[in-house]
Every structure is written in C-alpha cells, then in structure tokens.
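> This is the structure I have questions about; it appears just below.
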Amino acid sequence: MASAETIVVIGAGVIGLSTALLIQEQSGSTQSVLLVARDFPSDTSINYASPWAGAHYRPVPGSSPQALREASQALRTFNYLKQVAAGEPAAGIKFLQGIEHLETPPPEYLDAQSVSNVYHFEDFRSLKDDEVPAGVKWGAEYGTYVINSPVYCAYMLRRFILKGGRTQQYTLVNSKEAFALANNVKTVVNCSGTGFGDPKSFIIRGQTCLVRNPVSATITRQNADGAWSFCIPRPLEGGTVIGGTKQPHDWDPNPSPEIRAQLLANASKWFPFTPESGGQFDVIRDIVGRRPAREGGMRLEVEQVEDGKSIVHAYGAGGRGFELSRGVAEDVTALMLESGLLRVQAKATL
Ligand SMILES: Cc1cc2nc3c(=O)[nH]c(=O)nc-3n(C[C@H](O)[C@H](O)[C@H](O)COP(=O)(O)OP(=O)(O)OC[C@H]3O[C@@H](n4cnc5c(N)ncnc54)[C@H](O)[C@@H]3O)c2cc1C
C-alpha cells in the first residue's frame, strides 16, 4: 500500500508558518505537512526576516496589479488577524490607532483611486490641515494592528505542532532537494523568503531600535528628506520598535550607531512618548534584518518539475510579509486546489 502523501513546506517565517497551518487545516487524512527550515522561531539570524519585523499594518496606496493583489491579501489578513486577536490574546496581536503624517507625499497619496484601493478601514479618516503637525501635507488615521512578530511566529509553530504537523531543521541546497526529505512527496511549497537563486530576488536592509518606552498608537512619519520614521508598540509588553531604514542591496550586518542616533532623535521630535520618558530612551537593542524582496512582488505560482511533481512558490514578500501573510496562504492553497495538489478534507455531515 502506498504511504500517505507528505506536502513539504520550506520555511518557518511568517509566510511558511501561515501557509503550513492553512494547508494542514484544509487537507484530509491522506496528506500531511512537513515543515522544513534552516531557522525556526527560536532562532535568530540576520537572514531570517520574520522575528525582526515591527510589525504594523500600514497600507501603501497604488493602482498597479501588484498593489491591487497586495491590497486583497492585506484585507483578508486584516480580517483574519481580527479573529485571531479576539480569540487568542497570547498570539501577540493588538488592534489600535494608526496615524500617518507625510511631509512630501508621493503621487499615489494624492490620487483618490490609489488611496481608496488600499485603505479599506471603516474608520479611515483624512486629517485636516489643523489636525496635523507643521510641515505635514498628508495625514490620516484609522484602526489597524500591531504584532509582536517573534511571539506570533512561535504561536503559529505551536499550533502547527499541536495539530500533528512535523518539523525538520535542515538547510536545503535547492528546493528540489525537499522531495527527498520524506516518503511520497509530490508537492513542495517554497516559502524560503528569497527563493533559491532567483535573479529577481534582492534584500532590503532594515535597521530599527527596540526601546522600553511605551507609546499608545503606531505612528508613521515621512520626513521632508524622504526618510521614514515610525514607532510600533509591541503587544504583550514587548517594548516599542522605533524605525527605520529601507536600504536595498545593503548587506551590512552591523547596526550603525549613527543610524540609531538619527532614529531616536526623530522619534523624540515626532512621537508622543509618555512624559515619564523625559525625552530619554531606554534602549533594549538595535535590530538589523534583511527583508526578502523581489522585483515585481511575490512569486506566487506552480512550477511543474519532473514525474508529476510540483513546486508552489510563495516568496519575496519584501517589507510586507506579516501584512500579507494570511492572504498569501489562501492564494497558495487556492493554487494547490486548482492544480489538484491539495485534497480537501470532507466535512462530516450530521
Ligand atoms: C526591520 C524590519 C521591519 C519590518 N517591518 C514589517 C512590518 O511592519 N510589517 C510587515 O508586514 N513586515 C515587516 N517586515 C518584513 C517581514 O519581516 C518580511 O516580509 C517577512 O518576515 C518575510 O517572511 P518570509 O517567511 O517570507 O521570510 P523569512 O522570515 O526570512 O523566513 C524564511 C524561511 O525560509 C528558511 N530558509 C531560507 N533558505 C533556506 C534553505 N536554504 N534551507 C532551508 N530553509 C531555508 C529560513 O530558515 C526561514 O525559516 C520587516 C522586516 C524588517 C527586517
């Protein structure tokens, strides 16, 4: 008798974990999931982006196919995380006020269609001139969420294992190697962040600073020189992330003291930390991570390899992996269903 089929998911970042959980939820008893990764939520590596993320949800206006696809993924993720936050306080998700102040808004912010394509919040409100600080040309507020990223990843891994998911810590040389890691593997889902040598993949270095000082909203400020500042309170007393840089192709693994000083100086000018801070920051640590970006956005497609085997690619989330995570997982399972790679669990009838 043929052994039950194993679906191998490569990657235990927010994309791999979200995808493995959803495949596991949807698949029947003839398929099981093995999660294979070099890094798991208890590991820290500069090349493992997820634990370093802020992470907050801040839409990016646009009308391109990529912007519209991401807006749909982001909306589905928003609705899903609302449910998780309500049922599982330990997941590390909190809904709170998001505020944006832009000094030199890019053209998409001034295009009503591009804005309404992505800001789906029922309570979205443009701020009037007398409600924003001097110099700000575009302002908005809405109800959004923040995530304690290492806590949320650990929560997903725990759920996956409790539901019978298997894991293996292993560094793959290429995605095809994953077919050899279990018996009867027909499908490998590649959530490796950067892919395996995809020439369209590149990294965007991010440096932030984690401080103990509390703040009650997530605020994003675009400065006149084009640089962005943000503060993200991390749920479950995880401190506040003050950011941040976006440096494409910059491989420096070390935090820059000059960047830290600049981030904190901007934060003390623009963000309303509680008075007891006295303008001083109680720094926990600097953070440097590499966002796994890709020209044109994520690769989401099925590649047929040999002998009826398939690789489903889902990598290249750049700076939006948490915001898009559940939507991406849903798109992956939809692709797998369309291609006959996933056999849905039959629901019991009464
Ligand atoms: C400073 C900073 C701030 C950020 N802020 C936000 C934010 O506010 N909101 C937001 O949504 N996103 C944010 N991001 C981006 C977010 O972190 C990424 O989009 C997300 O983590 C990507 O997830 P991933 O699962 O694709 O990749 P990763 O988290 O990098 O995971 C990749 C997985 O693949 C595994 N892997 C890779 N190669 C191999 C191999 N050869 N063999 C075996 N396993 C392999 C790794 O071990 C890992 O388990 C931020 C990122 C940084 C650095």
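Read-outs throughout are calculated quantities, based only on the coordinates presented, and are distinct from any laboratory measurement. Values in this document were obtained by computation on a predicted structure and should not be read as measured data. All Cβ positions, even for glycine, are placed from backbone atoms using ideal geometry, and neighbour counts span all protein chains on display.
> Across the chain, how many lysine pairs, 8 or more apart or on two chains, come within less than 23 Å at their alpha-carbon atoms?
Close lysine pairs under the 23 Å cut-off: 14.
> Let me ask something else. Taking other Cβ within 10 Å of each residue's Cβ, how do ARG38, ARG125 sort, fewest first?
Lowest count first: ARG125, ARG38.
> A further question follows. For the chain, list the DSSP H helices whose alpha carbon atoms reach 24 Å or more along the long axis and whose average Kyte-Doolittle value is -0.5 or above?
65-87, 321-338
> Now for a separate question. Among all stretches of the chain without exposed GluC sites (Glu not before Pro) (DSSP loop, at most 13 other Cβ atoms within 10 Å), which one is longest?
1-121
> Please arrange ASP198, ASP225 by counting, for each residue, the other beta carbons lying within 10 Å of its beta carbon, fewest first.
ASP225, ASP198
> Springs between alpha-carbon pairs under 10 angstrom, Gaussian network model over the chain: which of PRO248, PRO233, PRO150 fluctuates most?
Taking springs between Cα atoms under 10 Å, the residue moving most is PRO248.
> Another question about this same structure. I want the antiparallel fraction of DSSP beta bridges within the stretch 5-338, as a percent rounded to 5.
Once the DSSP bridges in the stretch 5-338 are tallied, antiparallel ones form about 65 percent.
> Strictly greater than 19 Å: what percent of every Cα pair in the stretch 182-264 meets that? Please report the intermediate quantities before stating the final value.
Numbers: 1887 of 3403 pairs.
The calculated P(r) of the stretch 182-264 puts 55 percent of pairs beyond 19 Å.
> The stretch 196-259: which chymotrypsin sites (Phe, Trp or Tyr not before Pro) are DSSP loop and have at most 11 other beta-carbon atoms within 10 angstrom? Write out the running numbers ahead of the final one.
Values: sites: PHE196, PHE202, TRP228, PHE230, TRP251; in loops: PHE196, TRP251.
Within the stretch 196-259, the qualifying chymotrypsin sites (Phe, Trp or Tyr not before Pro) (loop, at most 11 other Cβ atoms within 10 Å) are TRP251.
> Over what distance in Å are the Cα centres of the stretch 126-196 and the stretch 44-81 separated?
Cα centres, the stretch 126-196 to the stretch 44-81: 9 Å.
> Quick one: what does P(r) look like for the chain with 20 Å bins over all Cα pairs, in whole %?
Cα pair-distance distribution for the chain, in percent: 30, 56, 14, 0.
> For the chain, what does the relative contact order come out to in percent, with C-alpha contacts under 8 Å and a separation of six or more?
RCO, the chain: 26 percent.
> With a cut-off of 8 Å between alpha carbons and a minimum separation of six or more residues, what is the relative contact order of the stretch 94-238 in percent?
Here the relative contact order equals 33 percent.
> Quick one: order ILE259, ILE287, ILE15 by neighbouring beta-carbon count within 10 Å, fewest to most.
Fewest-to-most ranking of ILE259, ILE287, ILE15: ILE259, ILE287, ILE15.
> If you don't mind, another one. Using only C-alpha atoms and all pairs of different ones, pull out the Kirkwood radius for the stretch 1-87 in Å with one decimal.
Its Kirkwood hydrodynamic radius stands at 15.5 Å.
> In addition: Which length gain, in nm to one decimal place, applies between GLU306 and PHE124 when the Cα-Cα distance is subtracted from 0.36 nm times their residue separation? Mind dumping the intermediate values first?
Values: separation 182, 0.36 × 182 = 65.52 nm, distance 4.91 nm.
Computed gain between GLU306 and PHE124 is 60.6 nm.
> Using a 10 angstrom cutoff on alpha carbons, build the Gaussian network for the chain and name the most mobile of ALA90, ALA55, ALA20.
Evaluated over the chain, the most mobile residue of the options is ALA90.
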